[in-house]
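Structure first, commentary second.
The values are calculated or read from the model by the stated rules, or taken from the named source; none is laboratory data. Everything quoted here is computed from the prediction, not taken from an experiment. Glycine gets a Cβ as well: all are built from the backbone with ideal geometry, and neighbour counts include every protein chain shown.
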Amino acid sequence: MDYKDKYIKYKTKYLGLKNINININNQIGGGKNNFIIIGNIRGNDLDFIPELKRKLKSLNGNVNEYKFKFKNKIFILDDLTFKSVSDDIKLFIDKKELSNNIIICLEESSPFGLFFANMYPELCKAIICYPLRFNTKESLDRLYHKYVEKNGWKFISKYYDPIDYFFEINDKRLNELFNKNGEEEKNIIDLLINLELRKQYNKIPTIFKVSTYLFSRLDMDSVNTIKSNFERKDIAEMKGILSPDDAIYTSMMWNIARVQYDRELIELNKENNFLRIHYTIAFEINEDVRLICDAVKILIYN
């Protein structure tokens with residue numbers, strides 16, 4: 001007799017659960033789960049997504065990948081709003097007739113996924129954010145400080161005004177960038193996608209309606225922090241970092257703010273019991289797929 005048969009015999013004899021067909025791979029809510037991966041909102045896809053898909057399939061679920069309608073395409077600013085994206089994700093789900101959906105958001109897609117789960121909770125059984133980045137008014141103001149007040153825009157563009165073609169851009173000027181389509185224009189468009197995300201910081205849900213597993217990434221690797229923020233002189237100049245100690249101090253300030261934000265999320269969700277937060281440290285070599293799949297197992301087998 002194998003372990004599965006022994007388990008069924010035990011459940012039937014000692015717990016009185018007769019006439020129940022027990023499936024060792026049974027998942028919450030019944031039925032097969034549909035995993036929906038939402039990748040980067042800009043740039044190249046993450047290199048671990050193919051491996052992630054393979055691992056998720058081994059968890060007895062279907063795997064789908066949602067592509068943002070504006071990624072690597074001509075778009076208007078309204079396409080970048082949380083609501084517009086949420087409606088598009090709903091259309092994606094409706095067309096495929098997906099149910100029992102577990103959303104897996106990677107990197108900057110997380111706020112879009114959280115907004116979708118809050119807007120259409122009936123279509124989202126659970127959501128994982130790997131990680132949820134720290135988007136607040138302070139992070140938006142910091143961008144203006146780096147590019148305008150510290151004159152960091154000179155590392156981005158030689159020809160375009162940072163106010164007209166970035167912070168206060170409209171669809172007409174955005175279309176000019178698409179028409180020119182040079183490397184400088186492509187870089188500005190890529191940064192604009194992140195800017196529009198940051199502008200919606202106050203629309204990111206803080207009280208959740210479905211099971212929510214957030215990875216919160218802390219920059220605790222001093223070697224990599226110095227390399228990224230001090231040794232890269234353009235970044236150091238934009239951020240006003242004058243020494244390795246400055247780089248570590250600035251990073252620690254944001255880590256403390258990150259943890260405080262998480263504490264507030266926990267307090268806001270203590271009654272609904274939907275929120276779980278997992279801390280990771282941003283190393284150059286990490287275990288993305290294993291950590292995400294562990295979170296999936298906790299959600300579906302708990």
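Scanning the range 166-198 for residues that are charged (D, E, K, R) and within 16 Å of SER109 (Cβ to Cβ), which turns out nearest to the chain's Cα centre (by Cα)? Break it down into steps so the answer makes sense when it comes.
Going residue by residue through the range 166-198, those that are charged (D, E, K, R) are 168, 171-173, 176, 180, 183-186, 190, 196, 198.
Now drop any that are not within 16 Å of SER109 (Cβ to Cβ), which leaves 190, 196, 198.
On the way: ASP190: 17, GLU196: 15, ARG198: 13 Å.
Out of the qualifying residues, it is ARG198.
Which one of these is surrounded by 19 or more Cβ atoms within 10 Å (Cβ to Cβ), at negative phi, among the hydroxyl-bearing types (Ser, Thr, Tyr) and touching a residue at least 12 places away in the same chain (Cβ under 8 Å): SER157, SER211? Full working, then the answer.
Values: SER157 fails: surrounded by 19 or more Cβ atoms within 10 Å (Cβ to Cβ).
Answer to the check: SER211.
Going by the structure shown, is ASP164 assigned by TED's automatic domain parsing to the domain that holds ASN40, at pLDDT 95 or above and assigned to a helix (DSSP H, G or I)?
Numbers: assigned by TED's automatic domain parsing to the domain that holds ASN40: no; at pLDDT 95 or above: yes; assigned to a helix (DSSP H, G or I): yes.
Taking the combined requirement at face value, the residue does not satisfy it.
Among what's in the range 160-179 and is free of Cβ contacts under 8 Å to residues at least 24 places away in the same chain, among the charged types (D, E, K, R) and out of contact with any Lys or Arg (no Cβ under 9 Å at 6 or more places or on another chain), pick the residue that is farthest from ASP78 (Cα to Cα).
Going through the qualifying residues, I end up with ASP161.
State the number of residues belonging to the range 70-85 that are assigned to a helix (DSSP H, G or I) and surrounded by fewer than 20 Cβ atoms within 10 Å (Cβ to Cβ). Break it down stepwise before answering.
Filtering the range 70-85 down to residues assigned to a helix (DSSP H, G or I) leaves 77-80, 82-85.
The next check asks that each one be surrounded by fewer than 20 Cβ atoms within 10 Å (Cβ to Cβ); those that pass are 77-79, 83-84.
The qualifying residues number 5.
Please count how many residues of the range 214-255 are touching a residue at least 60 places away in the same chain (Cβ under 8 Å), in a loop (DSSP other than H, G, I, E, B) and either charged (D, E, K, R) or on the phi < 0 side of the Ramachandran plot (or both).
Adding up the residues that qualify gives 3.
Being crowded, with 17+ Cβ neighbours inside 10 Å and either part of a loop (DSSP other than H, G, I, E, B) or outside the structural domain of ILE36 (by TED's automatic domain parsing) (or both) is the filter here; which residues of the range 56-69 pass it?
Across the range 56-69, the qualifying residues are LEU59, PHE68.
With respect to PHE112, is the statement that it is within 17 Å of the chain's Cα centre (by Cα), touching a residue at least 12 places away in the same chain (Cβ under 8 Å) and surrounded by 15 or more Cβ atoms within 10 Å (Cβ to Cβ) true?
Considered against the rule, which asks whether it is within 17 Å of the chain's Cα centre (by Cα), touching a residue at least 12 places away in the same chain (Cβ under 8 Å) and surrounded by 15 or more Cβ atoms within 10 Å (Cβ to Cβ), PHE112 comes out as yes.
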